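**Q** The following block contains the structure, expressed as structure tokens.
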Amino acid sequence: MNQTSILRAAISLAFGAISAQALALDPLSYSRYDQVKTRDVHIDLKADFAKKTLSGFAELSLDWIDKSARTLDLDTRELTISKIEGQTDNGAWRKLSFTLDKLDEEKGQALHITLASQPQKVRIYYRTAPTASALQWLAPVQTMSGKRPFMFSQSESIDARSWVPLQDTPAVRFTYSAHIAAPQGLRVVMSAENDPKATGKGGWNFKMPQAIPSYLLAIGIGELEMRSLGPRTGVYAEPKRIDAAAYEFADTEKMVSAAESLYGPYRWGRYDMLVLPPSFPFGGMENPRMTFLTPTMIAGDRSLVDLIAHELAHSWSGNLVTNASWKHFWLNEGFTTYVTTRIIESLYGPEEADMNLQVEQEEAIASLAKIEPAKQALVSRDADTSSASYADEGLVYPKGAWLLRTLEQRAGRAVFDPFLRGWFDQHAMQSVTTDEFVDYLRKNLLAQHPAVMSEAELDEWLHAPGIPASAPRVKSARLAALDTVRAAWLDGSLPTAKLDTKAWKAIEWIKFMNDIDNKATAAQLKELDEQFKVGKTGNNEVAFRFYRASIHAGYRGIREPLRAFLMSVGRQRFVVPLYTGLRANAEDKAWGEAVFKQARERYHPATQKSVAKAMSEK
Ligand SMILES: [Zn+2]
């Protein structure tokens with residue numbers, strides 16, 4: 001028992017009605033998975049593009065733990081529930097009464113189902129709201145062909161409840177199956193077994209035999225073509241994008257093999273990818289068997305495929321070994337960020353991996369200035385009571401990876417690689433906490449190699465703000481050479497016409513753009529733009545950084561490509577900082593607001609919200 005649970009036990013003694021277990025549950029879910037756990041979910045839904053709804057039923061198969069429990073509490077958000085039934089021991093379905101709580105902005109609505117006994121199965125008949133937070137319904141004009149509508153889900157972290165009533169917490173895993181009806185001419189894909197030969201006649205059927213947490217429940221519906229990339233890899237995309245996608249992702253099968261040789265067999269059957277329309281608010285989402293990807297990573301030259309390595313890495317860190325609540329998010333993303341660099345190194349060599357890693361570490365350090373210290377810890381010491389105390393979502397990626405990299409460098413790969421593989425093997429298909437990782441680390445690495453990291457340093461990594469001063473930093477020789485070139489260009493001793501960028505890789509452009517930000521003048525950026533057409537590059541990571549530097553320097557020659565970028569790209573990581581930069585002076589702000597007004601409808605609701613917030617902040 002740790003200190004936190006002693007405190008909880010004391011509180012529950014004092015207040016009687018609140019059990020110690022209830023207090024230890026995921027604070028972002030209303031479900032009582034200490035009483036009952038969902039084993040399997042079957043959904044039967046019809047997609048209506050005119051009404052922007054999914055309607056039908058969800059059937060939950062339940063394992064009862066607390067034999068005295070007489071309520072089933074589920075998570076929902078904006079669902080209209082028409083009827084709930086429970087299956088009795090003799091197989092008959094009987095109507096159950098229920099209440100739906102008032103909407104909580106963060107958590108949604110608790111659904112309380114009253115039970116006379118403990119049914120093995122419960123069916124909830126419902127329909128989603130057109131504003132369901134997980135679903136984006138796109139009009140034909142928002143797709144490439146302009147002919148057919150599109151719909152996709154984004155359930156992480158707690159939006160699965162807006163399209164399926166369930167125990168919406170990563171602490172519960174279930175298998176699922178689905179029957180989905182969709183308009184003719186559209187294909188349905190899910191984070192499950194997808195049959196590329198299915199026609200959709202009589203509906204689309206899916207089965208997911210591996211147990212997943214709710215945030216990995218995913219659906220996409222659109223005009224889609226499938227292209228095979230290897231024996232167990234393939235890509236789905238809109239017909240006009242399928243060739244470009246297949247070219248860009250050609251290395252996927254090799255990536256799966258590289259990851260397997262590091263961390264053991266890929267356990268999910270196929271690895272397919274779905275390329276979404278540009279309004280997808282993230283880079284990628286690691287939905288099992290069907291990674292969802294932004295089209296903005298198709299650069300035309302395979303220069304951004306580390307994003308695929310990242311989503312693939314989640315097949316071990318996150319999907320196989322899952323954070324038990326969002327407080328422990330770094331166990332998903334920090335581990336995945338570390339594994340990504342290892343996959344890149346296996347495929348493209350140490351020079352490429354080091355360049356990526358150095359930029360990742362530099363960007364982590366630079367981000368600290370914008371994050372309040374309390375949110376810079378990998379994990380908060382507070383009891384699981386409020387998401388407000390959770391770590392900064394962006395920082396846990398590089399910082400968590402940096403902790404693992406530090407352990408790896410000091411212990412050596414001969415020790416660290418089997419250690420990490422053992423973590424995945426021993427916790428496969430489980431949900432884990434930071435304490436469990438620390439226990440595993442002490443037993444399987446620090447006990448044998450105490451010099452690798454002291455308890456005090458480990459504590460600093462986990463609970464203190466910033467990056468420990470003892471953290472080893474990567475220094476790429478190739479990027480050091482670039483530093484010299486950049487310095488000479490910035491001080492004017494190297495004219496733009498003499499900049500020799502022919503051999504530059506995308507990561508070198510990215511590094512260059514990072515380092516000239518807030519230093520290069522508008523005149524220098526104009527020259528760079530004219531000489532290298534940077535404003536129109538197909539590489540969105542480079543374009544984003546060039547626009548950012550241009551906004552800061554007041555170079556307004558980028559307005560047309562920037563407008564086109566903001567109108568066509570909905571990825572939050574790009575658009576939020578760009579709009580934020582435009583707020584700096586009245587003229588840019590007015591221009592940014594006008595663009596946002598035009599672009600708003602094209603963005604995912606989550607992006608709309610983030611940009612509106614960024615624009616209104618002082
Ligand atoms: Zn990730």
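The values are calculated or read from the model by the stated rules, or taken from the named source; none is laboratory data. Because the structure is a prediction, the values reported are computed rather than measured. Because the Cβ atoms are built from the backbone with ideal geometry, glycine has one as well, and the counts that use them run over all protein chains shown. Only protein heavy atoms, including side chains, enter the accessible area calculation; ligands, DNA and RNA are left aside. Shrake-Rupley method; radii C 1.70, N 1.55, O 1.52, S 1.80 Å.
**Q** Looking only at helices (runs of 4 or more DSSP H) that fall completely inside the stretch 446-524, which ones have 2 or more residues that are open to solvent by 20 Å² or more (accessible area, probe 1.4 Å) and more than 25 Å from GLU345 (Cβ to Cβ)? Give the steps one after another, and end with the answer.
**A** Numbers: elements: 455-463, 477-490, 506-516.
Hits in the stretch 446-524: 455-463, 477-490.
**Q** Something else now. Where in the stretch 219-301 are there strands (runs of 3 or more DSSP E), lying fully within it, with 2 or more residues that are charged (D, E, K, R) and either in contact (Cβ under 8 Å) with a residue 40 or more places away in the chain or more than 16 Å from the ligand (Cβ to nearest atom) (or both)?
**A** Numbers: elements: 219-222, 225-230, 233-237, 271-275, 290-293.
The qualifying strands (runs of 3 or more DSSP E) are 225-230.
**Q** Mind listing whichever residues of the stretch 195-218 are part of a loop (DSSP other than H, G, I, E, B) and buried (at least 23 other Cβ atoms within 10 Å of the Cβ)?
**A** LEU217, ALA218
**Q** Against the definition (of a type in the set (Phe, Trp, Tyr) and either closer than 30 Å to TYR603 by Cα or open to solvent by 10 Å² or more (accessible area, probe 1.4 Å) (or both)), how does PHE174 come out, yes or no?
**A** no
**Q** Scan (1) in contact (Cβ under 8 Å) with a residue 40 or more places away in the chain; (2) within 16 Å of the ligand (Cβ to nearest atom); (3) closer than 24 Å to LEU262 by Cα for the single condition ALA364 breaks and write down its number.
**A** (3)
Here's the yes/no breakdown for (1) under 29 Å from GLU105 (Cβ atoms); (2) open to solvent by less than 40 Å² (accessible area, probe 1.4 Å); (3) among the hydrophobic types (A, V, I, L, M, F, W, C):
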position	(1), (2), (3)
ALA24	yes, no, yes
LEU28	yes, yes, yes
SER31	yes, yes, no
ASP34	yes, yes, no
PHE49	yes, yes, yes
LEU54	yes, yes, yes
ALA58	yes, yes, yes
ASP63	no, no, no
ASP66	no, no, no
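**Q** Restricting to the stretch 578-613, count the residues that are over 18 Å from the mean Cα position of the chain (by Cα) and in a helix (DSSP H, G or I).
**A** Result for the stretch 578-613: 25.
For (1) out of contact with any Pro (no Cβ under 7 Å at 6 or more places or on another chain); (2) under 20 Å from ARG478 (Cα atoms); (3) open to solvent by 30 Å² or more (accessible area, probe 1.4 Å), each residue gets a yes or a no:
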{"residue": "GLU345", "(1), (2), (3)": "yes, yes, yes"}
{"residue": "GLY349", "(1), (2), (3)": "yes, yes, no"}
{"residue": "MET355", "(1), (2), (3)": "yes, yes, no"}
{"residue": "GLU360", "(1), (2), (3)": "no, yes, yes"}
{"residue": "LEU378", "(1), (2), (3)": "yes, no, no"}
{"residue": "LYS399", "(1), (2), (3)": "yes, no, no"}
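**Q** Would you check which residues across the stretch 78-105 are hydrophobic (A, V, I, L, M, F, W, C), open to solvent by 70 Å² or more (accessible area, probe 1.4 Å) and assigned to a loop (DSSP other than H, G, I, E, B) and list them?
**A** Step one: of the stretch 78-105, the residues hydrophobic (A, V, I, L, M, F, W, C) are 79, 81, 84, 92-93, 96, 98, 100, 103.
Adding the requirement that they be open to solvent by 70 Å² or more (accessible area, probe 1.4 Å) leaves 93, 103.
Residue satisfying the conditions is LEU103 alone.
**Q** Look at ALA309 and say whether it is more than 16 Å from the ligand (Cβ to nearest atom), touching a helix residue (DSSP H, G or I) at 6+ places or on another chain (Cβ under 6 Å) and either in a loop (DSSP other than H, G, I, E, B) or in contact (Cβ under 8 Å) with a residue 40 or more places away in the chain (or both). Even if it seems obvious, please write down each step before you answer.
**A** Details: more than 16 Å from the ligand (Cβ to nearest atom): no; touching a helix residue (DSSP H, G or I) at 6+ places or on another chain (Cβ under 6 Å): yes; either in a loop (DSSP other than H, G, I, E, B) or in contact (Cβ under 8 Å) with a residue 40 or more places away in the chain (or both): yes.
When the stated conditions are applied, ALA309 does not pass them.
**Q** Still on this structure, please answer the following. Of the residues in the stretch 327-355, how many are touching a Ser or Thr at 6+ places or on another chain (Cβ under 7 Å) and within 13 Å of the ligand (Cβ to nearest atom)?
**A** 5
**Q** Can you pull out the residues in the stretch 68-77 that are open to solvent by less than 50 Å² (accessible area, probe 1.4 Å) and over 28 Å from the mean Cα position of the chain (by Cα)? Write out each step before concluding.
**A** Step one: of the stretch 68-77, the residues open to solvent by less than 50 Å² (accessible area, probe 1.4 Å) are 69, 72-77.
Result: ALA69, LEU72.
**Q** State which residue pairs qualify: first residue of a type in the set (D, E, K, R) and open to solvent by 10 Å² or more (accessible area, probe 1.4 Å) and inside the stretch 315-330, second residue more than 11 Å from the ligand (Cβ to nearest atom) and part of a helix (DSSP H, G or I) in any location, beta carbons under 9 Å apart, and separation of 6 or more residues or different chains.
**A** LYS327/SER387; LYS327/SER389; LYS327/THR434
**Q** Quick one: in the stretch 542-562, of everything that is under 25 Å from VAL141 (Cα atoms) and buried (at least 16 other Cβ atoms within 10 Å of the Cβ), which residue is nearest to the chain's Cα centre (by Cα)?
**A** Our first condition is that a residue be under 25 Å from VAL141 (Cα atoms); within the stretch 542-562, this holds for 543-544, 559-562.
Right, trim to buried (at least 16 other Cβ atoms within 10 Å of the Cβ) and you get 543-544, 559, 561-562.
Working: ALA543: 22, PHE544: 20, ARG559: 30, PRO561: 28, LEU562: 25 Å.
Looking at residues that are under 25 Å from VAL141 (Cα atoms) and buried (at least 16 other Cβ atoms within 10 Å of the Cβ), I get PHE544.
**Q** Specify the residue that is farthest from the ligand (Cβ to nearest atom); the eligible residues are those in the stretch 378-395 that are under 22 Å from LEU25 (Cβ atoms) and among the aliphatic types (A, V, I, L, M). Break it down stepwise before answering.
**A** Pass one, the stretch 378-395, residues under 22 Å from LEU25 (Cβ atoms): 378-391, 393.
With the extra rule that they be among the aliphatic types (A, V, I, L, M), the set shrinks to 378-379, 383, 388, 391.
Details: LEU378: 15, VAL379: 17, ALA383: 26, ALA388: 22, ALA391: 14 Å.
The selected residue is ALA383.
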